[in-house]
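Single-structure report; data block below.
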Amino acid sequence: MTDTIDFTHDASATSWVESANGHPHFPVQNLPLGVFSPSGEGKPRGGMAIGDMILDVAAVADMLEGDAANAARLAGNATLNDLLAKGQGATRKLRQAVFTLLTDDGKKKAVSEALYKAEDCTLHLPVHIGDYTDFYTGIHHATNIGSLFRPDNPLLPNYKYVPIGYHGRTSSVRLSGVNVKRPSGQTKAPDADKPSFGPSKRLDYELEMAIWVGEGNALGEPIPIGEAESHIAGISILNDWSARDIQAWEYQPLGPFLAKNFHSTISPWIVTLDALAPFREAQPARPAGDPAPLDYLSDAEDQAHGAFGVTMEVYLSTAKMREDGEAPHKLSSGPMTAMYWTAAQLVTHHAVGGCNMQPGDLLGTGTLTSGEDGGEGSLIELTEGGKKPISLPNGETRTFLEDGDEVIMVAFAEKDGFARIGLGECRATIIG
């Protein structure tokens, strides 16, 4: 494991940025990385979220030294790819140095000039995403979906041996807040003689997490499981929207296509593994009878600490709810530990055949469902394939998403003895 607990995790530490103290997502113990542009100043550049403010990282480079200063200057680019390529050592030094600036009252006057109110800034995609792979690590989700189509055999034989994934579309990845246009495509009703074309009627969300690649590897050079975490820059929230009716017709024999390529939404902040160090957990034990991972995916340290103690929640706000001033309704919540495979195992398997991972590559966990009632990560699970509509507090019902519906995802980590940190929000509204 490359992340350790240090002075930046001290729960009693406070910042002279007053909004950071007790902030549910961005206290000084977090300092996630993103890209922003201040109002009227145009140029996107790297920033760190601190309370209700954003720190222009490159603007404080001259107040730092050595590796931290070099990392801060790299953060002045319009994307974070060059910074992430330097690996966890660079981002760790940067986070530690910025933590010191923001907790030292003597630095307040100088550093304040590099702070901007978040509400006055525009956020951007934090990296140029070269490649996007979506995995299928949520075993409870996989079982639920499989049960809809194969009640007697929901999981295919390879699931417990291979981290299943497919290559997604990077061009349609968008930041939280960008509207999602309802996709059109071919669908075929069970009793129809032939397919028809039109807008999807079974549009769904998927509660996922994003894993960002930092330092890459050369083509033809696999990443050993014991080194895989050193190639992970951090995590964000991911909503991989799905058109279930289009998917049902097109996915055989080659898998997802138009049902997935129209839009994927990510949250704007990358929470580093260093910030998450206090919240690491053992990978849940596999059920009795499940096969052990093959040797190239087996590592005792990864099994002992490779999971993330992150809680995820998803909310729905309909157009009528917003019109009436009603708060979003929580649909479900669950833990990131619902992953059957660890993040390190995903990286190792992805590269085992020689694939060259690159800084800024995006790996999706797949939909994460807790396995308990109230922990479903998608509407197709909540409604049992659309058979049982859910009732909202205002009397509206839903089987799948309707135009005007806004889906809001949040995630956070909390543990006794440490400050709670969050990943912010991942939200978008469906439009016709």
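The values are calculated or read from the model by the stated rules, or taken from the named source; none is laboratory data. Bear in mind that the values here come from a model prediction, so they are computed numbers and not experimental data. Because the Cβ atoms are built from the backbone with ideal geometry, glycine has one as well, and the counts that use them run over all protein chains shown.
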If I ask for residues that are among the hydrophobic types (A, V, I, L, M, F, W, C), under 15 Å from D62 (Cα atoms) and free of Cβ contacts under 8 Å to residues at least 40 places away in the same chain, which ones from region 73-93 would you list? L74
State all residues of region 47-68 that are outside any loop (DSSP other than H, G, I, E, B) and among the hydrophobic types (A, V, I, L, M, F, W, C); if no residue qualifies, say none. M48, A49, I50, M53, I54, L55, A58, A59, V60, A61, M63, A68
Has region 148-155 got any residue that is within 30 Å of E384 (Cβ to Cβ) and among the acidic types (D, E)? yes
Exclusive hit being over 25 Å from the mean Cα position of the chain (by Cα) and buried (at least 18 other Cβ atoms within 10 Å of the Cβ), set A49, A20, A61, A75: A61
Among the residues of region 401-432, count how many are surrounded by fewer than 22 Cβ atoms within 10 Å (Cβ to Cβ) and touching a helix residue (DSSP H, G or I) at 6+ places or on another chain (Cβ under 7 Å). 3
Output the residues belonging to region 391-413 that are in contact with a His (Cβ under 9 Å, 6 or more places away or on another chain) and part of a loop (DSSP other than H, G, I, E, B). L392, P393, N394
Could you say whether any residue in region 18-36 is in a helix (DSSP H, G or I), out of contact with any Cys (no Cβ under 8 Å at 6 or more places or on another chain) and β-branched (V, I, T)? no
Give the residue that is surrounded by the fewest Cβ atoms within 10 Å (Cβ to Cβ), with candidates limited to residues of region 380-397 that are within 17 Å of D245 (Cβ to Cβ) and touching a helix residue (DSSP H, G or I) at 6+ places or on another chain (Cβ under 8 Å). E384
Given the structure, is A118 more than 30 Å from G216 (Cα to Cα), more than 26 Å from the chain's Cα centre (by Cα) and outside the structural domain of G214 (by TED's automatic domain parsing)? no
Find the residue count for region 366-390, including only residues that are assigned to a loop (DSSP other than H, G, I, E, B) and touching a strand residue (DSSP E or B) at 6+ places or on another chain (Cβ under 7 Å). 12
Would you confirm whether or not region 203-213 contains a residue that is in a strand (DSSP E or B), more than 13 Å from the chain's Cα centre (by Cα) and either among the aliphatic types (A, V, I, L, M) or surrounded by fewer than 24 Cβ atoms within 10 Å (Cβ to Cβ) (or both)? yes
Selection from region 309-330 of residues in a strand (DSSP E or B), hydrophobic (A, V, I, L, M, F, W, C) and surrounded by fewer than 23 Cβ atoms within 10 Å (Cβ to Cβ) yields L316
Do we find that S15 is outside the structural domain of R174 (by TED's automatic domain parsing), buried (at least 17 other Cβ atoms within 10 Å of the Cβ) and within 26 Å of D416 (Cβ to Cβ) in this structure? yes
Only residues in region 94-109 that are assigned by TED's automatic domain parsing to the domain that holds A72 and in contact (Cβ under 8 Å) with a residue 12 or more places away in the chain count as the first member; pair them with residues that are among the aromatic types (F, W, Y) and surrounded by fewer than 17 Cβ atoms within 10 Å (Cβ to Cβ), Cβ under 8 angstrom, at least 6 apart or cross-chain, and list the lot. Q96/F7; F99/F7
